[in-house]
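All remarks here apply to the structure that follows.
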Amino acid sequence: MPIVNLWYETNMTSDTSPAPLVASASSSNSARPSYLSFRDSTVNTWQSATFNGAGSSSWIKLNFGEPKNVNKIRMWKNTGLALAYHPSYIYIEGSNDDLTFNVLHHTGSLNWTDVIELTFENDDAYQFIRVRITNTPNSTLTTIGRILFGYNGFEPIDKTLILNDGEYKKWDSKYKHDSLEMPENDLVLSTTSAVTRVNHIKFDSNFILQKIGYKTEGSNSLTLKIYEKDSQKLVFSMPVSITKGWNYISISDVELLKNKDYLIGFYGTNIYGYKTPTTIPISMVSSNHYINGTVFGRYDASGDSFPTTLNNTTALMMSFEGTAVSESGSNWMSVSTTTPTLQQFLEQGVDSLSPLFDRKITVLEPMAMSNKNEILLSEEGKVFSKTIDLKKYFDIRSIRTEVK
């Protein structure tokens, strides 16, 4: 199971931004609202309007907008107030309805001359986390500088396998989102002239292309081009604005066929190339991918025309994102005939049970029935029957029979 160690950076600019975060407190000085303690600063942060001494309670709270796993907290001194105004005893509490709060941790060991970091046991996710202050050395008001919540532990998982006919199964959809990226290397300027530079690429599965990435060292306007290599047909063309670094270009669904050769690249000036380590194909293969691709070098043209000149030493630095389409279609696939291991749940478990509930109501066309009187033997009457093979599980909601 993956282990995570993170802090939830909030960087709030008001009590309600950025969304969906909401900061609040039992009371606040009008010039020191609660959100000031949920930003990257310890100067003039939240302070309560009042504090009635030992036995009373003030609090500051963060609404994450959704449940979060929290088992650690960092707190800094408010550099605008003396140590005497800082808490000497606190409770850390969580809630999912903002009414009933569970105590996650409480302590009176607080040294405000340094950053305070507390860790505690908590396996539950909460949308609302608050720090409740029950005592301070100075009883007129209380404050905390910066507050940061975090989580250190196993990453929560929500994976499901279905037990059916003695087998644990998963829903294997024919459509799987995937992305591929070429291994990075140094970029060099191809030419300053207006030219066409395209990668020769082939995918090992049908691929609905939805986004193309391109890395460059310059900024300019180009025209994205996709050609079928053998037929020289222009499949897609779109003007794009490019800036230095990675550029991700969303496109309308462009269907690329399995094992078909395509040329994908740009027409324009100042196109940068990628130094390939050798002249052999660049394979974008990963064990976690549903689709793999191979780049077979680059093709060029001196203007805005179909590129025919092969260049085997450089290629455009590109990535591809879209939907891989399985030829086998969607189906329930067996994972194990025994209780699945944790690794099988992590790798094979489905994220959604929607296929179980995605049902359609279909009205079948009327069909003539066959006379089956022979099954009555010596009994009187008539029997008619019709066999229907829907090749899937189904619920019969109603049957209507007409006698003529």
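Derivation of every value follows stated rules applied to the coordinates shown; laboratory data play no part. Just so you know, these numbers come straight off a predicted model, no measurement behind them. Glycine gets a Cβ as well: all are built from the backbone with ideal geometry, and neighbour counts include every protein chain shown.
A few remarks follow.
- Simple spin-label estimate for Ser139 and Ala368 gives 9.8 nm between the two label positions (7 Å along the Cα-to-Cβ direction from each Cα).
- Spatially, the stretch 201-279 and the stretch 131-151 are offset by 55 Å when compared through their Cα centroids.
- Distance (nanometres) between label positions extended 7 Å along Cα→Cβ at Asn44 and Asn5: 3.7 nm
- Structure note, pairs Lys211/Lys233; Lys159/Lys260; Lys159/Lys211: Cα-Cα distances above 26 angstrom occur for Lys159/Lys260; Lys159/Lys211.
- Positive minus negative residues near Tyr267 (Lys, Arg vs Asp, Glu; Cβ under 11 Å): 0
- Residues Tyr89 and Asn247, FRET efficiency given R0 of 41 Å [Cβ-Cβ distance, rounded to 0.05]: 0.15
- Segment Asp123-Leu189, length gained on full extension (0.36 nm per residue, minus Cα span): 18.5 nm
- Among the chymotrypsin sites (Phe, Trp or Tyr not before Pro) in the stretch 90-133, those located in a DSSP loop and surrounded by at most 15 other Cβ atoms within 10 Å of their own Cβ are Phe120.
- Average Cα contact separation per residue, the stretch 175-325, under 8 Å, 6 or more apart, as relative contact order %: 42 percent
- Rg(Cα) / (2.2 N^0.38 Å) computed for the stretch 3-154, rounded to two decimals: 0.95
- Peptides 203-209, 310-316 ordered by average Cβ neighbours within 10 Å, highest first: 203-209, 310-316
- GluC sites (Glu not before Pro) restricted to DSSP loop in the stretch 64-156 with at most 10 other C-beta within 10 Å: Glu121
- Estimated FRET transfer efficiency when R0 is 22 angstrom, pair Asp230-Asp304 (beta carbons, to 0.05): 0.60
- Extended-chain gain in nm, criterion 0.36 nm per residue less alpha-carbon gap, Lys176 and Thr223: 14.1 nm
- For the stretch 88-190, trypsin sites (Lys or Arg not before Pro) are listed when DSSP marks them as loop and at most 15 other Cβ atoms sit within 10 Å of their Cβ; the list is Lys159, Lys174.
- Rel. contact order, % - alpha carbon contacts under 8 angstrom, at least six apart, the stretch 3-154: 35 percent
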